[in-house]
Structure formats: C-alpha cells, structure tokens
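Contents: one structure, followed by commentary.
The values are calculated or read from the model by the stated rules, or taken from the named source; none is laboratory data. This structure is a prediction, so every number in the text was calculated from the model and none was measured. Please note: Cβ atoms are built from the backbone with ideal geometry, for glycine as well, and neighbour counts cover all protein chains shown.
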Amino acid sequence: GDPVPAVWSRNALVMVEEAERGRSMESVAWAQDTRSWGRKWEEERYPEGIKWKFLEHKGPVFAPPYEPLPENVKFYYDGKVMKLSTKAEEVATFFAKMLDHEYTTKEIFRKNFFKDWRKEMTSEEKSTITNLSKCDFTHMSQYFKAQSEARKQMSKEEKQKIKEENERLLKEYGYCVMDNHKERIANFKIEPPGLFRGRGNHPKMGMLKRRIMPEDIIINCSKDSKIPPPPPGHKWKEVRHDNKVTWLVSWTENIQGSIKYIMLNPSSRIKGEKDWQKYETARRLKKCVDKIRNQYREDWKSKEMKVRQRAVALYFIDKLALRAGNEKEEGETADTVGCCSLRVEHIKLHPELDGQEYVVEFDFLGKDSIRYYNKVPVEKRVFKNLQLFMENKQPEDDLFDRLNTSILNKHLQDLMEGLTAKVFRTYNASITLQQQLKELTNPDDNIPAKILSYNRANRAVAILCNHQRAPPKTFEKSMMNLQSKIDAKKEQLADARRELKSAKADAKVRRDEKSKKTVESKKKAVQRIEEQLMKLEVQATDREENKQIALGTSKLNYLDPRISVAWCKKWGIPIEKIYNKTQREKFAWAIDMAEEDYEF
DNA sequence: CCGACTACTTAGTATACCCAGG
DNA sequence: CCTGGGTATACTAAGTAGTCGG
C-alpha cells in the first residue's frame, strides 16, 4: 500500500513553531506543552477504536446574550403598541429578522412559531396575543435592516476592531491540542438561538431553537488536560474522558432531540486520516467491482424475493449513484427518500419511451429535498423485477419491501470488508473524474482551456451525484456583464487587427527597422487580445454550464484529491487553480503524497 | 430483528470578504 | 478611493452507518 503521509507529523512541528511566535503568555505556554507532548510519542498507531491519547481544549464559545431593543422600537398588536417582556421580545425578534423570507408566509412555519412563542410569553401576553396575523413586526424588521445597513457603513477602524476581536476569539478558542498536534476546531461557536429552518417541506419549520447553556454542555477531554472552566456562575452538564470518540463538546438540540458536536477542522490529522481511508476503501472496491456486478446480475434471477430486491437496489446505487436511503421517522422530518426507501410512487415504468426500451422514470425528493429526476434505460431483467416488486401495491408502499439499508450493508460487508452503500458513490465519483480527465484533457490546450476541461470532468461527477444549487440570484445579470465584456474585447481585437494590417502595409512600403518593430509589437498585441478573449469565452461557457450545478460538494467529499493533484502535476497546472486555500489545507495529505502517475 | 441512540460525513445556502475596475 | 460582484467561509441541517439491549 501507500506510505503514511508525512504531512501530519510535519505539521505538528510547524504548528508548534507558529505558536511560539505568538505574543501572549497563553500561547507560549501552549507551545511548550505541545512540544513536551510531542516528545512523548511520535505518530504511533492506536489500538482499535482509540482515537487519541491526549486532548485539551478551552470549551465552546457561547452565543452572545440577548440585547433588548431600544425603547423607540415598537411592536404592535392589533394596531396598538405593546411592550413585550424580554423573553417574548427576543423570540419576536427572530421572526422579525426573517420577515422578508418566504418561510414566514408558510402555514406550518407560522403555526410552529406561534406555538413556541406563546410558551415564552408572560400570562398577560399570552392572554392578549392570540392571533399571529394581528402581530405587526414591521417596525422591528426595519430597525434590523437599518442596523445591518449601519454595519456596512462602519468606518475602517470599527471594522478592523471587529476583525481583531474575531481573531482573538479564534486564537483562544479555535484550537485544541490532540496528541502532539495543535489542531484547528471546525465549529467552536455554539449555535445561537433562533427559529428552526428545515429544508423542503419540514413539519418542524418555525419552531424555536432554544438557547444552549453551559448546563446543556458535555465536555470531552483527557483526564490529564486542563479542563475548561464553565462560565462564572455556571456548571457543565458533564465532563467526560472518552478517547473512543473524536468530539470535544456535545449538546442535545431541542428540535429533533439529536446530539450536536464540536469537532476538528478537515485539515486535522484525525479527519484527514479518515478521509484518506475512505478513498482507500473506494480503491479496494475498484478491484472487486466487476465481481460484485456479476454477482448482483446473477441475483436478479434469484428465487428469493429479498435477494432480487437487494440486487436491483444495488444496481441503482451503483449505476445511478443513489444514496442508501435509511428509514426516517414519519412526521418528524421532510418526506425524502434514498434507494432502499423508494416508494412505488417514485418510479414509472415505460416499456418503451422515446425509442428506448425498458425505461425507468425516477422522480423523488432526496437529501435536502433536492429533486432527483431521471429517465434511465435499464436491462430487461431489472425492468421485469420492478414490475414484480410493484404488483398489488399502493403508490405509498415501499418499492423494496423486503429490504433496508442494514440488510444491504450486511450483504456488502460479506462481499468486501468495509464495503457499505456509500462507498459506491465515492468509487463511481472518483473513477468518473479520472476517466473524464483522461478523455477531456487536450495536451495542446493552454492552462485556462485545461482548467475548463477539469471543470467539465468535475461537472460530470456533480451531475452523476445530483449536486444541484439554486441558480444564483444575480446569474442573468452577471452573464450579461460577461457577454458585454466579450463584445468589447471582440471590438478591441478587430481594432488591433486593423492596426496590424496597416502597420504591415506601412512596413512593406518603408522597409525600415522601425516599422518592422511596429509590426512585431502590433502582432503581439493581437495575440494578447486573442488570448484574453478566449479566456473570457471559456469563462462564459463554464459559468453557463454551471448554472444549476454545484461542483463544490463532489470536490470536497467524493473526488479522491490525489487524482486532481496528479493531473495538475502532469499538465503543469498550479494546484491553486484547482483548490483554494481551505481545500489545499484539507487535502494537504494528498498534495504531499500524489505523484503525476497516481492511479485511483 | 428492531428501535433507540450515538458518532460521524455530506449538503445547500447565507453572509463575509476581497479585489478588480471605474 | 469606492463599489459591486464573485469567491470563500460560516453555518447548521440532513444524511449514513454503527452499536447495544431486549
């Protein structure tokens, strides 16, 4: 296999040096501690399930306390001014801040909000405020708009002050020490209270997300570390020392009752190693995917219904990169599905469609309520099986009634160690990128054209994984701007060509050095403008093709970064053209280890 | 096998920020 | 120097998948 990337152990030293250059006593102390821990052990492997041996951090940063509105900002009920209690006012401001958003017009949102708001009211408020439609938040809303406007208009000095305060916070709370590394924490700030905004048609939208207090917080750190003190006058819910998990802080959220965590940044050793491992698992799948494909094709003929369903579902997961589709609690979340949870109503069978045989039409809402719509020709056996699965069922019945993700994953585990449904998405995404890069990269292209090819390869993956985005609000406008830039450039080019022509004619007559030189410089100018024009045109194509497709998600989560690094090395593309700073930090391990001949 | 619980990855959108061009 | 538009980052919701106890 591949060697362990040196980047993590090297980073540890770099981080220590950086800390030592810091001015505050605090950071010097940290640096010294870090170094002594660094001596304790060098990058050793841990026994199964152990995630770390030493963990020290400063605890979370809590949301700023509520600041009551100034006296002159009024709330009106039924046309009359009403002074709200602090608690009721705070919740009202959450609604007022969202007044322009479509959410606040939705029936469920309003109902949930009003119900939770009433819980925060005094008994007098409760008896007065009985109808949300009679509540007038517009003055509050205007006040907040003015506030954010004022924030934009702040002087440079004021903005600088805020920036410095954020930096201070980051420096103090944004890092932890895990073993011999000083690591960046991903989300050290606790989520502030507000109104829950689910995606899609979420039954809980508008509910009050309550303020998290120290008493809700579980701290996880090692016994021999400096345990972070709770804010004065408060206590932690619990301090534990569990080195079988990677999180530093957790609390239970009140909307779904699920646990939220504070964890490390993707640049950290613990996340990076896991990421690397993920792609290694996908590469192991590459070695046996043919066998697995043959196997599930055989299983389409099985006598057992359960086996047939499993085999058809796996075919979808493999061919269409569908998600596994865990069961969800009905009524608790938006109604979305993945492969195993598909219902009869989500597919249509067309024995023939647009000249193709055996077409399956998919139409369902997947993760984040993003619509998956696709017409796919399938093999006859798959088609016949689907007909069988749908026999005597209602639209709302499960398509794969004998199957769930746990059954499927158990089966996959037998086919390959560590294989689960999601590995297929990773595998197919990465292999597609590699193939597309081979196919689309033209060795004679210049760098911008090669990058366009890269983006097209990336886009093929995003389409496969159905990574969509709302077209940016400014899309049309920015396209028009770009087009007028292109037009201007074309005119400039025409001018330059005319000038070149006349310079040539001039040189022919004069036949002197000076006019020859002029021709040369005019030639250069034409070339330069041609290049600029081509760059703009490439940009326009790229942007148009990207209108509704999000490239970021696949780049960050599905594409083995070593493929991209190798491609950059092979074609002499600076890595900065492909990965921004954050991405380079996350993929430091890959940048470190991949050579130009890397094969996924 | 099931449901509850837990830990972790993947996801789109809102907002902050920065820099090119007027 | 200012502005606006485009990119980077922050945010947090919504998935996957494992474990455990009955």
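Only residues that are more than 10 Å from DNA strand C (Cβ to nearest atom), closer than 19 Å to A:Glu120 by Cα and not in a loop (DSSP other than H, G, I, E, B) were counted across segment A:196-215, and they come to 1.
Quick check: anything in segment A:339-360 farther than 17 Å from A:Asn385 by Cα, under 24 Å from the mean Cα position of the chain (by Cα) and more than 10 Å from DNA strand C (Cβ to nearest atom)? No: zero hits.
Only one of the listed residues (A:Thr541, A:Thr553, A:Thr518) is assigned to a helix (DSSP H, G or I), within 14 Å of DNA strand B (Cβ to nearest atom) and either closer than 28 Å to A:Pro471 by Cβ or out of contact with any Leu (no Cβ under 7 Å at 6 or more places or on another chain) (or both). That residue is A:Thr553. Note on segment A:154-173: among residues that are loosely packed, with under 11 Cβ neighbours inside 10 Å and away from DNA strand B (no atom under 13 Å from the Cβ), the one that is farthest from A:Leu69 (Cα to Cα) is A:Glu157.
Of the numbered conditions (1) within 30 Å of A:Lys274 (Cβ to Cβ); (2) assigned to a helix (DSSP H, G or I); (3) in contact (Cβ under 8 Å) with a residue 12 or more places away in the chain, A:Phe600 fails exactly one; give the number of that condition. Of the numbered conditions (1) within 30 Å of A:Lys274 (Cβ to Cβ); (2) assigned to a helix (DSSP H, G or I); (3) in contact (Cβ under 8 Å) with a residue 12 or more places away in the chain, the odd one out for A:Phe600 is (2). Of all residue pairs spaced 6 or more apart or on separate chains, those with beta-carbon atoms under 7 Å, a first member in segment A:574-596 that is more than 14 Å from A:Trp276 (Cα to Cα) and part of a loop (DSSP other than H, G, I, E, B) and a second member that is among the hydrophobic types (A, V, I, L, M, F, W, C) and within 16 Å of DNA strand B (Cβ to nearest atom) are A:Tyr579/A:Phe587.
Would you call A:Thr336 of a type outside the set (A, V, I, L, M, F, W, C) and in contact with an Asp or Glu (Cβ under 9 Å, 6 or more places away or on another chain)? Here the answer is yes, as A:Thr336 does meet what is asked. Residues that are on the phi > 0 side of the Ramachandran plot and either part of a helix (DSSP H, G or I) or over 21 Å from the mean Cα position of the chain (by Cα) (or both) are absent from segment A:281-299. A:Leu412 satisfies every condition listed in (1) surrounded by 14 or more Cβ atoms within 10 Å (Cβ to Cβ); (2) at pLDDT below 90 except (2).
Screening A:Phe400, A:Phe389, A:Phe424 for residues that are at pLDDT 95 or above, away from DNA strand C (no atom under 16 Å from the Cβ) and not aliphatic (A, V, I, L, M) leaves exactly one candidate, A:Phe389.
Based on this model, can you work out whether A:Thr432 counts as β-branched (Val, Ile, Thr), more than 13 Å from DNA strand B (Cβ to nearest atom) and surrounded by 21 or more Cβ atoms within 10 Å (Cβ to Cβ)? For A:Thr432, the condition - β-branched (Val, Ile, Thr), more than 13 Å from DNA strand B (Cβ to nearest atom) and surrounded by 21 or more Cβ atoms within 10 Å (Cβ to Cβ) - is met. Does A:Lys450 meet the test of being closer than 17 Å to A:Gln436 by Cβ, assigned to a helix (DSSP H, G or I) and away from DNA strand C (no atom under 12 Å from the Cβ)? Against the criterion (closer than 17 Å to A:Gln436 by Cβ, assigned to a helix (DSSP H, G or I) and away from DNA strand C (no atom under 12 Å from the Cβ)), A:Lys450 qualifies.
Hey, does segment A:62-74 have a residue that's outside any loop (DSSP other than H, G, I, E, B) and either surrounded by 16 or more Cβ atoms within 10 Å (Cβ to Cβ) or not hydroxyl-bearing (Ser, Thr, Tyr) (or both)? Taking every residue of segment A:62-74 in turn, none turns out to be outside any loop (DSSP other than H, G, I, E, B) and either surrounded by 16 or more Cβ atoms within 10 Å (Cβ to Cβ) or not hydroxyl-bearing (Ser, Thr, Tyr) (or both).
Kindly indicate the residue of segment A:256-277 that is surrounded by fewer than 17 Cβ atoms within 10 Å (Cβ to Cβ) and either more than 30 Å from A:Met207 (Cα to Cα) or of a type in the set (A, V, I, L, M, F, W, C) (or both) and also farthest from DNA strand C (Cβ to nearest atom) among those meeting that condition. Filtering segment A:256-277 for residues that are surrounded by fewer than 17 Cβ atoms within 10 Å (Cβ to Cβ) and either more than 30 Å from A:Met207 (Cα to Cα) or of a type in the set (A, V, I, L, M, F, W, C) (or both), the one farthest from DNA strand C (Cβ to nearest atom) comes out as A:Glu273.
In segment A:247-264, the residues that are in a loop (DSSP other than H, G, I, E, B) reach residues that are aromatic (Phe, Trp, Tyr) and more than 9 Å from DNA strand B (Cβ to nearest atom) with C-beta atoms within less than 8 angstrom, at least six apart or across chains, in these pairs: A:Ile255/A:Phe196.
Taken over segment A:75-94, the criterion of being assigned to a loop (DSSP other than H, G, I, E, B) and of a type in the set (Gly, Ala, Ser) is satisfied by A:Gly79, A:Ser85. Of the candidates A:Lys134, A:Lys145, A:Lys223, the single residue that is over 30 Å from A:Gly366 (Cα atoms) and within 13 Å of DNA strand B (Cβ to nearest atom) is A:Lys145.
Note on segment A:109-167: among residues that are without any contact (Cβ under 8 Å) to a residue 60 or more places away in the chain, within 16 Å of DNA strand C (Cβ to nearest atom) and polar (S, T, N, Q), the one that is nearest to A:Asn201 (Cα to Cα) is A:Ser148.
From the list A:Gln532, A:Gln548, A:Gln539, the one residue that fits, being over 22 Å from A:Tyr427 (Cβ atoms) and out of contact with any helix residue (DSSP H, G or I) (no Cβ under 9 Å at 6 or more places or on another chain), is A:Gln548.
Checked against (1) surrounded by 15 or more Cβ atoms within 10 Å (Cβ to Cβ); (2) more than 15 Å from A:Ala63 (Cα to Cα); (3) within 16 Å of DNA strand B (Cβ to nearest atom); (4) modelled with pLDDT of 95 or more, A:Ile217 passes all but a single condition, namely (2). All told, A:Leu440 meets the bar of being surrounded by fewer than 20 Cβ atoms within 10 Å (Cβ to Cβ), more than 16 Å from DNA strand C (Cβ to nearest atom) and either aliphatic (A, V, I, L, M) or modelled with pLDDT under 95 (or both).
I'd like the residue in segment A:388-410 that is of a type in the set (Lys, Arg) and assigned to a loop (DSSP other than H, G, I, E, B) and, out of all such residues, is nearest to DNA strand B (Cβ to nearest atom). By that ranking, first place goes to A:Arg402. In segment A:426-483, the qualifying residues are those that are in contact with a helix residue (DSSP H, G or I) (Cβ under 8 Å, 6 or more places away or on another chain) and of a type in the set (Lys, Arg), and the one that is nearest to A:Lys555 (Cα to Cα) is A:Arg459.
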